[in-house]
Amino acid sequence: MFYRENGQFKSSYAADQQIFAVAQDRYAIWLIVALAFLVVPFVASDYTFQAVLIPFLIMALGALGLNILVGYCGQISLGTAAFMAVGAYAAYNLQARIDGMPLLLALIGGGLVAMVFGVVFGLPSLRIRGLYLAVATLAAQFFVDWLTTRAAWVTNHSSSGSVSAKPLAILGWQIDTPMEKYLLCLAILCVLALAAKNLVRSAIGREWMAMRDMDVAASVIGIRPMYAKLTAFAVSSFIVGIAGALWGFVHLGAWEPAAFSLDRSLQLLFMIIIGGLGSVVGSLFGAAFFVLLPLLLNQIPHWLGLPISTATATYLEHMIFGALIVFFLIVEPHGLAKLWSTARQKLRVWPFPH
């Protein structure tokens with residue numbers, strides 16, 4: 001009875017086209033954002049920031065970038081971790097080679113370099129698609145793995161092959177504590193998520209979805225496949241590159257090439273499949289599923305008092321996690337975002353059945 005649209009009249013095109021057309025949705029989003037910025041920083045522990053919230057925010061940002069390419073444009077990619085690595089190493093080199101390089105400019109620069117890299121490896125999408133395109137993007141993963149391990153200039157001639165980020169600071173604000181790192185990641189995620197949501201609702205977003213649904217028909221009605229596909233690769237790689245820079249600078253602090261392996265690419269792909277393809281909120285749901293569920297499964301034996309060894313608990317965690325992924329794919333192929341959309345639709349007509 002509380003989720004109603006009665007009396008919510010739209011008297012302008014702007015009101016009719018706003019992101020959250022229902023007032024209750026707007027209030028809920030503002031409440032969630034306020035809690036995230038004003039309440040969580042004062043109630044969460046350092047462990048919660050470092051092990052849960054910061055990885056969730058960065059993975060959600062990476063899943064958002066991948067969802068633009070796969071979910072909205074229909075171009076399969078298995079090289080997402082490569083684009084993250086490019087963003088991280090580019091931001092590191094910008095700060096290492098240019099004295100006084102601000103952190104935000106380094107992050108944006110890493111995203112721009114990753115964007116160029118993504119467009120180059122997105123060129124095969126003009127001729128191939130499906131699994132063949134997935135293999136082509138997988139080549140980006142192997143190339144970046146080779147580059148980061150063989151080219152000494154990438155790691156600024158580090159003898160160990162690992163690199164360390166400089167102390168984080170923005171306009172004199174020293175970002176040292178986990179709470180401050182959390183606020184930085186949260187602010188970047190909110191800005192890019194809002195930009196992505198408006199982008200997919202624009203003309204270029206409709207071109208992406210037309211290419212996803214039927215590229216031949218889209219080209220017949222005047223949509224340029226090269227422009228649509230390469231812009232999707234560019235925007236996706238830019239967001240993923242910033243996520244990679246945040247993963248290295250904020251979460252890890254020091255990293256080596258193994259931090260951006262193929263497993264990371266597959267993890268991000270599974271995130272958007274579980275969360276929901278072609279959905280911004282699905283990227284958040286998928287990241288929450290992958291970050292929170294393993295922690296929950298790891299704690300259940302301790303809560304129940306079961307005498308299980310660490311190795312057995314790890315095996316059970318992976319088995320249950322894989323079984324839940326298969327379960328969600330069978331029960332709801334459109335992901336957790338579809339379940340949320342169905343629940344919202346039922347709330348709009350509750351207590352009536354239709």
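The values are calculated or read from the model by the stated rules, or taken from the named source; none is laboratory data. Just so it is clear, the model here is predicted, and its values are computed rather than measured. Neighbour counts run over all protein chains shown; Cβ positions are idealised from the backbone, glycine included. Calculation scope for accessible area: heavy atoms of the full protein, side chains included, ligands and nucleic acids excluded. Shrake-Rupley method; radii C 1.70, N 1.55, O 1.52, S 1.80 Å.
Taking 0.36 nm per intervening residue step and subtracting the Cα-Cα distance, what contour gain separates L126 from Q299 on full extension?
My answer for the length gained is 57.6 nm.
Whole angstrom only: what separates the Cα centroid of the range 189-255 from the Cα centroid of the range 15-84?
One Cα centre to the other: 15 Å.
Modelling each spin label as a point 7 Å along the Cα-to-Cβ direction, I'd like the F143/I221 distance in nm, to one decimal.
Using points 7 Å along Cα→Cβ, the separation is 3.3 nm.
Report, to the nearest whole %, how much of the accessible area of the chain belongs to carbon and sulfur atoms, 1.4 Å probe, protein only. Each step should come with its number before you reach the end.
On the way: 12800 of 18510 Å².
Here carbon and sulfur together make up 69 percent of the probe-accessible area.
Which FRET efficiency, nearest 0.05, do V116 and R150 yield, Cβ-Cβ r, R0 30 Å? Kindly include the intermediate steps, with their values, before the conclusion.
Working: r = 21 Å, r/R0 = 0.68.
Using R0 = 30 Å, I get an efficiency of 0.90.
Hey, can you find the accessible area per residue of the chain for me, probe 1.4 Å, expressed in square angstrom?
In whole numbers, the chain has 52 Å² accessible per residue.
Ratio of Rg to Rh for the chain, alpha carbon only, Kirkwood?
On the way: Rg = 21.3 Å, Rh = 21.7 Å.
A ratio of 0.98.
Could you work out the percent of alpha carbon pairs in the range 238-307 separated by over 20 Å, rounded to a whole number?
On the way: 1073 of 2415 pairs.
Of all Cα-Cα distances in the range 238-307, 44 percent exceed 20 Å.
Using packing as a proxy for protection, rank 142-151, 253-262 so that the peptide with the highest average count of other Cβ atoms within 10 Å comes first.
Values: 142-151: 15.2, 253-262: 17.1.
The densest-packed peptide leads the list: 253-262, 142-151.
Among rounded, prolate and oblate, which fits the range 120-174 when a ≥ b ≥ c are the square roots of the eigenvalues of its C-alpha gyration tensor, a/c under 1.5 means rounded, and a/b larger than b/c means prolate?
It comes out oblate by the Cα gyration axes.
Under a crude label model (7 Å from the Cα following the beta-carbon direction), how far is N6 from A203 in nanometres?
Result for the modelled spin labels: 4.2 nm.
Sequence-distant or interchain residues sharing an amide H contact under 5 Å with I170, placed H: which?
The list, which skips near neighbours in sequence, is I175.
Could you derive backbone 3J(HN,Hα) for the range 156-163 from the dihedral phi with the Karplus parameters 6.51, -1.76 and 1.60 (θ = phi - 60°), listing whole Hz in sequence and x where the residue is Gly or Pro?
Those phi angles translate into 6, 6, 6, 5, 8, x, 9, 10 Hz.
Arrange the peptides 336-348, 202-214, 67-79 so that the one whose residues have, on average, the most other Cβ atoms within 10 Å appears first.
On the way: 336-348: 15.2, 202-214: 17.4, 67-79: 26.5.
Put in order of decreasing packing, that is 67-79, 202-214, 336-348.
Could you pull out every whole DSSP H run in the chain that spans at least 27 Å of Cα extent along its own axis and averages -1.0 or higher on the Kyte-Doolittle scale?
Working: long enough: 103-122 (28 Å, 2.47); 131-150 (28 Å, 1.03); 178-200 (32 Å, 1.56); 225-246 (32 Å, 1.44); 280-304 (36 Å, 1.59); 310-331 (31 Å, 1.75).
For the chain, where a helix must reach 27 Å along its axis and average at least -1.0, the hits are 103-122, 131-150, 178-200, 225-246, 280-304, 310-331.
Specify whether the C-alpha gyration tensor of the range 42-191 places it in the rounded, prolate or oblate class, a ≥ b ≥ c being the square roots of the eigenvalues: rounded for a/c under 1.5, otherwise prolate if a/b is larger than b/c and oblate if not.
oblate
So for each of 290-296, 328-334 I average, over its residues, the number of other beta carbons within 10 Å; can you give me the resulting order with the highest mean first? Walk me through the numbers before you get to the answer.
Values: 290-296: 15.4, 328-334: 12.7.
Those peptides, ordered most packed to least, come out 290-296, 328-334.
Tell me the label-point distance for the pair S164, Y47, using the 7 Å Cα-to-Cβ offset, in nm and rounded to one decimal.
Those two pseudo-labels are separated by 2.6 nm.
Amide H of L78 versus every other amide H placed in the peptide plane: which residues, excluding those fewer than 5 positions away on the same chain, fall under 5 Å?
Correct list: T137, L138.
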